[in-house]
Amino acid sequence: MVFDSIGEAGHEQVSYFTDRETGLQAIIAVHDTTLGPSLGGTRLLDYETEDAALEDVLRLSKAMTYKAAAADLPLGGGKAVILGDPDEIKSEALFEAYGRAVDCMGGRYITSVDINSSAAEMDVVARETDHVVGTSDGLQNPSGVTAHGVFCGIRACAEHVYGRSDVEGLEVVVQGLGKVGRSLAEELLEAGAAVTVSDVDQEAVEAFAAEHGAETIEPESVYEQSCDVFAPCAIGGILNDETIPTLECDIVAGAANNVLAERRHADALRERGILYAPDYVINAGGLVTVAKDHFGGTYEEAYAEAEEIERRLLGMIERAAAEETTVLDAAEAYAEERIAGADGESPTTPRP
């Protein structure tokens, strides 16, 4: 089963690690290192089965390959999962053992933060390996860079749909007021957009509205809200057979990962005349920050580089229009062409 799964997605390496003393059970998946060492976070979850953990790490590591390639970064895609209940197994000793596992990869895999792993855990990992970013000595929280990249991506979408790249007067619904969603909403308001916010945390919504004068909407009504741009910044899988027919927007562009329940929903959005900005393209600011952390640089440099998302995304949108396909197809083609051309001059999408 493992060899079949690896072969289907084209992974280079999948390694299993255990440590009897700490109870560590980890899987590190390296999908592709054509463009550079694989980079991806470490996710600690109590998976129902080992097969479920393998499926998750294979899916996520492949996605990181495309994300890095589409962001023009000299990185490949990798991911790691640690199996177990965080409340029961998380300890310094476990992450020290995990750090030794990462070090065994010899630099082919660079780890960072993810679900149930923070800068504190990466500090422990760093005791055992140099192949780690996202520590407390690094560039820290990339949420502001991620939000700025999404803002720039929204401008690219507005350029294509409305013929102007500014967002002044655009009606934007932001779903999710976490660190990225809040930062995005604030930047949109500052640029003159009319922002409506929604979150399952009603207190957070009320506090934001009181501070910024934004409109609010209940979570169960967010999809039907008429707007120019719907910006999902919370959980994934929210664009599906039930929600897509109810959307009242021209553009879907947000920070949430895996916002499509299934790949075919990109086609469903296109059939409805809704422009969808692929999440791994528009939310790449976080990865840009981590890359800057690894190769050397500042938070300010990462923030500036995130603005390139606007140019790249607009090129992908125009390519999709010319080829009468989805922007997701164009984004995947862009990433695959970068990988295929790594030993020579990389093909590019049409530039605006």
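The values are calculated or read from the model by the stated rules, or taken from the named source; none is laboratory data. Quick caveat, the model's predicted, so the values are computed rather than measured. Using ideal geometry, Cβ is built from the backbone for each residue, glycine included, and neighbour counts are taken over all protein chains shown.
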- Unmet criterion (only one of (1) outside any helix (DSSP H, G or I); (2) more than 22 Å from the chain's Cα centre (by Cα); (3) within 26 Å of ASP293 (Cβ to Cβ)) for SER136: (2)
- Message: Looking at GLU187, GLU159, GLU121 in this structure, which one is among the acidic types (Asp, Glu), touching a residue at least 24 places away in the same chain (Cβ under 8 Å) and touching a strand residue (DSSP E or B) at 6+ places or on another chain (Cβ under 9 Å)?
- Response: GLU121
- Message: Could you go through segment 192-204 and let me know if any residue there is out of contact with any helix residue (DSSP H, G or I) (no Cβ under 6 Å at 6 or more places or on another chain) and of a type in the set (S, T, N, Q).
- Response: yes
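For every residue, the table says whether it meets (1) farther than 24 Å from VAL167 by Cα; (2) among the hydroxyl-bearing types (Ser, Thr, Tyr).
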| position | (1), (2) |
| --- | --- |
| TYR276 | no, yes |
| ILE282 | no, no |
| VAL290 | yes, no |
| PHE295 | yes, no |
| ARG319 | no, no |
- Query: Does segment 34-47 contain at least one residue that is closer than 16 Å to GLU336 by Cα, aliphatic (A, V, I, L, M) and surrounded by 16 or more Cβ atoms within 10 Å (Cβ to Cβ)?
  - Reply: yes
- Go through (1) at pLDDT 95 or above; (2) on the phi < 0 side of the Ramachandran plot one by one and return the number of the condition SER117 breaks. (1)
- A careful count of residues in segment 168-184 that are in contact (Cβ under 8 Å) with a residue 60 or more places away in the chain and aliphatic (A, V, I, L, M) gives 4
- Task: Report whether or not ALA306 is touching a Cys at 6+ places or on another chain (Cβ under 7 Å), among the small types (Gly, Ala, Ser) and closer than 24 Å to VAL167 by Cβ.
- Result: yes
- Name the single residue, out of those in segment 306-331 being under 21 Å from GLY273 (Cβ atoms) and not in a helix (DSSP H, G or I), that is farthest from the chain's Cα centre (by Cα). GLU324
- All positions within segment 103-121 that are touching a His at 6+ places or on another chain (Cβ under 9 Å) and either buried (at least 22 other Cβ atoms within 10 Å of the Cβ) or not assigned by TED's automatic domain parsing to the domain that holds TYR47 (or both): TYR109, ILE110, THR111, SER112
- For the subset of segment 213-242 comprising residues that are farther than 17 Å from HIS265 by Cα and among the charged types (D, E, K, R), which member is surrounded by the fewest Cβ atoms within 10 Å (Cβ to Cβ)? GLU220
- Query: So which of ARG59, ARG100 is at pLDDT below 95 and either in contact with a Ser or Thr (Cβ under 8 Å, 6 or more places away or on another chain) or surrounded by fewer than 17 Cβ atoms within 10 Å (Cβ to Cβ) (or both)?
  - Reply: ARG59
